[in-house]
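S.K.: One structure follows; several queries about it will come next.
Quick note: the coordinates plus some simple rules give every number you see, no bench work behind them. Predicted model only: the values in this text are computed from it and were never measured. Here Cβ is always computed from backbone atoms with ideal geometry, including for glycine, and neighbour counts include all displayed protein chains.
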Amino acid sequence: MKIAIAGAGILGHVLAWQLHQQGHELSVYEADPAGKNSGAAWTAAGMLTPNTELDAPDDVLEMGLRSLARWPKLVKTLGGLAQFNRGGCWVVAHQEDQGSYQHFLNHIEHNSVVDATRVHYCNHEDLKQGQPALSEHFSQALYLPDECWIDPIEVMGAIKTLLLKAGVAWHDNTPVTHCLAKKIITEQHEEHVDWVIDSRGLGAREEWPAVRGIRGEVLVLHAPEVNIDALVRLIHPRYTLYVVPRPNHHYVLGATQIESEDKGPMSVRSALELLSAAYSLHAGFAEARIIELRTNCRPTLPDHRPAVIVPEKGLIRANGLYRHGILLAPEVAYQVQQTLV
Ligand SMILES: Cc1cc2nc3c(=O)[nH]c(=O)nc-3n(C[C@H](O)[C@H](O)[C@H](O)COP(=O)(O)OP(=O)(O)OC[C@H]3O[C@@H](n4cnc5c(N)ncnc54)[C@H](O)[C@@H]3O)c2cc1C
């Protein structure tokens, strides 16, 4: 079939890759110029962590587990241009925050989605063996070995490279003004296809007014004195910090969550909270260099769940990936594919 995709964020990329592999003829339309991407996926840390997402509803967590199972297969098809990282997630809390840690523990133990047999209760000795960098400040931890991560920018770059090589019609710097049944309209022209898929995230708002943005901020640090090679979550009563390792002692620290559509620069308060939390995790973060401060808005629907809708034959809208869009993209893409008939 001839399919046009509006919006090449994480969902647009994953969709384009999967549909291309199934032999469909694709056109991809992206508003941003190449190399100047402003979508949420370019801010995201890339955590694939359905077991340790405290506030997601169970159906989203179940979807996350299915999607996590799809990720390594997808990355394998990218022929070494991107990495899928297994290494699990360590969950720690300072002594004064044991109440919040206990709350987290209760969630893990009583949530039917989390496989309790895959949760390891670690003492100080286990920490020293498994993640020595954390053993200085923490005497216990939870370890969930099935949590994973990717670098979304690396994965999207790999997909785009392969699609361009395969001759897919990829139009950067081309904002879509209307997604209609079997017709996509840009500022320059219109194209007639069998299906239009609208994956514009916040950019779809004019045609899906319920979509709103929820602000989030992350920092990228270079910390040569820190040796952490797995995901870490620091539980805290006011905010939670996560650390995602990147090659060569780079770390992504996230993330704030603020009910605002302001995409402006990071606030002092957010930077202070994230950096203080990082310093409390490992003293080596004090000498780290701040490489990047990233701010964006997560495309969110009122019930905080992703949705795939078919307003009429020839048009699919997929949106609302919210906090878990990197995790959920393969599963949402699969749902979209099931809808194409
Ligand atoms: C700080 C932060 C940290 C995050 N960390 C994680 C994480 O660790 N794990 C996780 O699973 N999720 C994470 N997320 C969430 C994730 O980034 C989003 O859920 C995901 O990016 C949504 O994907 P999307 O493709 O729907 O939208 P987007 O990624 O926003 O992509 C939409 C694309 O559509 C394009 N577009 C918009 N309007 C138009 C138009 N008119 N015409 C053509 N193109 C258009 C945009 O330019 C963009 O490229 C994080 C988000 C933030 C903000």
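S.K.: Work from the charge dipole of the chain (Cβ charges, +1 for Lys and Arg, -1 for Asp and Glu, about the Cα centre) and give the residue of ALA307, LEU340, ALA56 farthest towards its positive end.
M.R.: In the chain, that residue is LEU340.
S.K.: Could you work out the mean projected area of the convex hull around the alpha carbons of segment 153-250, in square nanometres to one decimal?
M.R.: For segment 153-250, averaging the hull's shadow over all directions gives 10.3 nm².
S.K.: Can you list the aspartates and glutamates whose alpha carbon sits under 20 Å from that of LYS183, skipping same-chain ones fewer than 8 residues off?
M.R.: Correct list for LYS183: GLU25, GLU30, ASP172, GLU191, ASP194, ASP198, GLU206, GLU207, GLU312.
S.K.: To continue, here is another question. Which order do the peptides 1-14, 280-293 take when ranked by the mean count of other beta-carbon atoms within 10 Å per residue, highest first?
M.R.: Going from most to least packed, we get 1-14, 280-293.
S.K.: So which aspartates and glutamates can LYS73 reach, going by Cα to Cα under 18 Å and dropping same-chain residues fewer than 8 places off?
M.R.: Correct list for LYS73: ASP146, GLU147, ASP151, GLU154, GLU331.
S.K.: For segment 1-83, with only Lys/Arg (+1) and Asp/Glu (-1) charged at the beta-carbon, what is the dipole magnitude about the Cα centre, in debye rounded to 20?
M.R.: Taking the Cα centre of segment 1-83 as origin, the dipole is about 420 debye.
S.K.: Nearest 0.05, what FRET efficiency do ARG205 and ARG118 give at R0 = 41 Å with Cβ-Cβ as r?
M.R.: According to the calculation, E is roughly 0.60.
S.K.: Please name which of GLN257, GLY203, VAL243 has its Cα lying farthest along the dipole of the chain towards the positive end, using unit charges on Cβ (Lys, Arg +1; Asp, Glu -1) and the Cα centre as origin.
M.R.: Among GLN257, GLY203, VAL243, the one farthest towards the positive end of the dipole of the chain is GLY203.
S.K.: Let me ask something else about it. Rounded, prolate or oblate, given the Cα gyration tensor of segment 5-57, with a/c below 1.5 counting as rounded?
M.R.: Oblate.
S.K.: SER139 to ASP59: FRET efficiency via 1/(1 + (r/R0)^6), r the Cβ-Cβ distance, R0 25 Å, to the nearest 0.05?
M.R.: The computed FRET efficiency comes out at 0.10.
S.K.: State to the nearest 20 debye the size of the charge dipole of the chain about its Cα centre, where the only charges are +1 on K and R beta carbons and -1 on D and E beta carbons.
M.R.: 660 debye
S.K.: Taking the Cα centre of segment 156-307 as origin, work out the dipole magnitude from +1 charges on Lys and Arg Cβ and -1 charges on Asp and Glu Cβ, in debye rounded to 20.
M.R.: Charge dipole of segment 156-307: 260 debye, to the nearest 20.
S.K.: Same structure again: Mean residue ellipticity at 222 nm from the helices of the chain, using -39,500 (n - 2.57) per DSSP H segment of n ≥ 4 over the full residue count, to the nearest 500 deg cm²/dmol?
M.R.: Roughly -9000 deg cm²/dmol at 222 nm, from the helical runs in the chain.
S.K.: For LYS36, which lysines qualify as cross-link partners when the Cα separation must be under 17 Å and same-chain residues fewer than eight apart are set aside?
M.R.: LYS160, LYS263
S.K.: Another question about this same structure. Rounded if a/c is under 1.5, else prolate if a/b is larger than b/c, else oblate: which is the chain, with a ≥ b ≥ c the root eigenvalues of its Cα gyration tensor?
M.R.: Prolate, since a/c reaches 1.5 and a/b exceeds b/c.
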